[in-house]
């Protein structure tokens with residue numbers, strides 16, 4: 001870890017072209033090592049695209065942006081250390097990035113205490129923005145927003161009689177569970193049991209074998225890419241069929257490569273940019289991304305990383321010329337962030353009084369197969385739907401291997 | 001009718017077979033050289049990546065079997081280099097603590113080099129059976145899982161025969177029992193060290209391919225096998241090979257049954273509870289012989 005952190009500090013402090021004015025420093029935190037390193041690198045790729053565009057157009061008010069990365073390893077203690085280093089040693093004007101709710105609850109509090117604006121890119125626990133902290137913003141929808149679509153779909157379409165929870169043991173998993181439990185109570189679905197797993201776990205056969213005995217209509221499974229993919233594969237090996245519902249963050253390129261057709265019928269909420277190509281701003285982002293990274297497809301985290309830095313750059317621009325007094329400048333940027341009104345790859349971005357974006361709406365998606373190739377398709381709400389909901393079929397009836 | 005109990009026992013035995021395989025390598029190295037190698041699971045990670053690249057090049061059965069051979073050879077060779085370059089100079093010069101610190105350093109180094117060179121993207125090995133599942137009435141599993149179990153058993157049996165029948169194997173056991181006496185009997189102790197470390201690492205590499213086939217492959221994947229291998233090694237008695245074999249299965253089954261009937265959240269804690277109990281009550285392990 002230490003070695004990589006060093007490499008990140010030395011190599012990835014991406015300065016703008018020499019000879020230009022002194023760069024404006026922006027701190028970016030994320031789990032760049034550990035089991036979420038892949039997803040964090042997607043976020044970073046989105047940010048690097050945004051950085052290219054911002055600095056390519058002359059930077060912010062004549063000064064280039066400089067990103068300084070801090071590795072959280074998805075552990076709150078490491079996150080706090082990384083944030084403190086960025087705030088006090090590197091003296092960044094504003095903190096961006098994110099991922100991992102538990103970490104961002106801690107880092108946003110650190111930044112707020114230092115009166116430094118922090119814009120959380122990814123991490124959906126409501127706690128981040130509902131503590132009344134004045135310097136905290138979030139460009140990602142929170143979990144109630146993410147799960148609203150699924151809640152409506154459960155009430156109107158699926159109407160499950162029994163459900164079970166199989167969640168990541170973190171704020172991300174537990175907050176999601178609270179929301180879904182409340183909805184299940186409302187629609188009269190019985191919760192059979194709840195299991196938790198740790199980030200980085202690989203063997204889920206014990207829990208899946210137990211789920212198989214319970215036979216829930218719906219199994220809520222908040223998990224990240226690797227864990228979600230392994231759970232799907234092991235469910236097949238144990239011949240367990242259920243309607244898997246997650247938040248949707250798991251549906252990355254790596255996930256589909258790992259699962260293949262096994263992920264068929266899994267559901268989640270999604271902000272996949274490639275599903276919203278009717279939107280010209282999103283389409284332009286997807287095109288620019290594919291130009292910079294040939295052969296790769298931007299996922300939700302690339303898009304959230306891109307939007308995050310764009311929001312920060314826009315606020316810096318509107319904050320105007322900086323005085324050089326760090327505390328005053330940080331306040332100025334905070335005030336500018338409050339007035340954000342942009343149209344970016346996820347949709348419109350405006351912050352509520354709590355700093356939470358309230359203008360981004362995820363859709364409900366299901367993994368379906370076309371020529372045995374898995375991909376997500378919007379199935380709800382009907383106005384945006386690209387496909388119809390399909391009930392999961394027994395493994396013996398599935399054709400694709 | 002399906003049986004939860006039987007299903008969990010099967011799940012536990014399959015995972016346990018891989019624990020055994022990885023732990024046997026660890027306990028061999030400890031028995032002969034008194035080195036606690038905290039980078040042992042990272043040797044498994046290297047083996048798993050060898051399989052990733054070989055299978056990308058030669059898919060299907062040939063690739064899978066080939067990757068087992070290549071992982072054993074490649075990681076065995078890496079073991080020889082690490083033993084010669086890192087551990088052997090420490091054996092006489094420094095203290096146990098130095099060896100532990102060096103192996104922890106090696107673990108951090110290997111993990112980060114893997115992320116640098118292979119990237120953080122998790123990968124899986126393609127299943128040469130094409131994902132065929134086996135439903136035997138009482139329990140379900142996949143053909144691939146059964147093969148991994150069978151493969152682990154075969155490797156363990158071959159190892160047992162080698163250690164008890166081959167000249168070199170007996171020499172390894174003799175050195176583990178008493179280093180000085182073995183030396184006096186004319187055993188080339190440096191050769192034994194090299195062979196033991198190579199063999200132990202090769203087992204870790206093989207275990208890594210099986211672990212990667214069952215689960216997923218990413219730079220930090222070595223941490224869990226290392227942890228489990230230490231639990232198994234302590235349970236079986238440090239340096240006791242047969243103890244490690246049985247203890248691997250015991251841990252696998254204890255975890256799944258504990259998870260099912262006690263608490264799912266404490267599944268990982270079961271290993272540590274076992275460590276504490278063993279160290280308190282029977283410090284030499286379930287199968288350990290008392291130190292003379």
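Helix-derived [θ] at 222 nm for chain A: sum -39500 (n - 2.57) over DSSP H runs of at least 4, divide by residue count, nearest 500? Mind dumping the intermediate values first?
Working: 12 runs with 156 residues, N = 401.
Result for chain A: -12500 deg cm²/dmol, rounded to the nearest 500.
Look at the stretch B:120-133: the mean tally of other chain Cβ atoms within 10 Å of its residues' Cβ atoms is 6.
Normalising by residue count, the stretch B:1-85 has a Cα convex hull of 123 Å³ per residue. Convex hull volume of the Cα atoms of chain A, normalised per residue: 133 Å³.
When chain A is treated as a Gaussian network with alpha carbon springs shorter than 10 Å, the biggest mean-square fluctuation among A:204, A:165, A:32 belongs to A:204. For the modelled label position 7 Å from the Cα of residue A:321 along Cα-to-Cβ, which residues of the stretch A:47-70 have backbone nitrogen atoms closer than 15 Å? Flagged as within label range: A:61-63. For the pair the stretch A:290-314 / the stretch B:240-282, the C-alpha centres are spaced 45 Å from each other. On a per residue basis, the convex hull of the C-alpha atoms belonging to the stretch B:15-222 measures out at 123 Å³.
Computed from Cα atoms, the angle from the helix B:167-177 axis to the main principal axis of chain B rounds to 70 degrees. Largest GNM mean-square fluctuation among B:72, B:198, B:181, using chain B with Cα springs under 10 Å: B:181.
Taking every residue in A:238-248, how many Cβ atoms of other protein chains lie within 10 Å of its Cβ, on average? Let's see the in-between values first.
On the way: counts 11, 8, 1, 0, 0, 0, 0, 0, 0, 0, 0.
Mean partner shielding for this stretch: 2.
The stretch B:11-31 and the stretch A:237-275 have Cα centres separated by 33 Å.
Take the Cβ atoms of residue B:275 and residue B:95, set R0 to 30 Å, and the FRET efficiency comes out at 0.85.
Over all residues in A:391-398, what is the mean tally of Cβ atoms on other chains that come within 10 Å of each residue's Cβ? Let's see the in-between values first.
Working: counts 0, 0, 0, 0, 4, 2, 0, 1.
The mean count of partner-chain Cβ atoms within 10 Å per residue comes to 1.
When B:276, B:35 are sorted by how many other C-beta atoms sit within 10 angstrom of their C-beta, beginning with the fewest, the order is B:276, B:35.
Every pair of different Cα atoms in the stretch A:12-111 enters the Kirkwood calculation, which places the hydrodynamic radius at 13.7 Å.
In whole Å, how far is the Cα centre of the stretch A:62-81 from that of the stretch A:108-168? Spelled out, the Cα-based centre of one part sits 21 Å from the other. If you take all C-alpha pairs in the protein assembly as shown, what percent of them are over 40 Å apart? Pairs farther apart than 40 Å: 35 percent. Remark: the Cα gyration tensor places the stretch A:106-235 in the oblate category, a/c being 1.5 or greater and a/b not exceeding b/c. Neighbour counting of Cβ atoms within 10 Å sorts the residues A:264, A:198, A:42, A:168, fewest neighbours leading, into A:198, A:264, A:168, A:42. So what is log10(I(q)/I(0)) for the stretch A:319-381 at q = 0.15 1/Å, when the Debye sum runs over its Cα atoms only? Ignoring solvent entirely, the Cα scatterers give -0.66.
Go ahead and set up a Gaussian network model of chain A, Cα springs under 10 Å, then flag whichever of A:362, A:273, A:381 fluctuates most. Its mean-square fluctuation being the largest, the pick is A:381. Between the helical axis of A:205-214 and the longest alpha-carbon principal axis of chain A there is an angle of about 50 degrees. With angles folded into 0 to 90 degrees, how steeply does helix A:171-187 sit against the dominant principal axis of chain A? Use alpha carbons for both and round to 10. Here the helix axis deviates by roughly 50 degrees.
None of the figures in this text is laboratory data; all of them are computed from the coordinates on show. Given the structure is predicted, the values throughout are model-derived calculations rather than measurements. We place every Cβ from the backbone using ideal geometry, glycine too, and count neighbours over all the protein chains shown.
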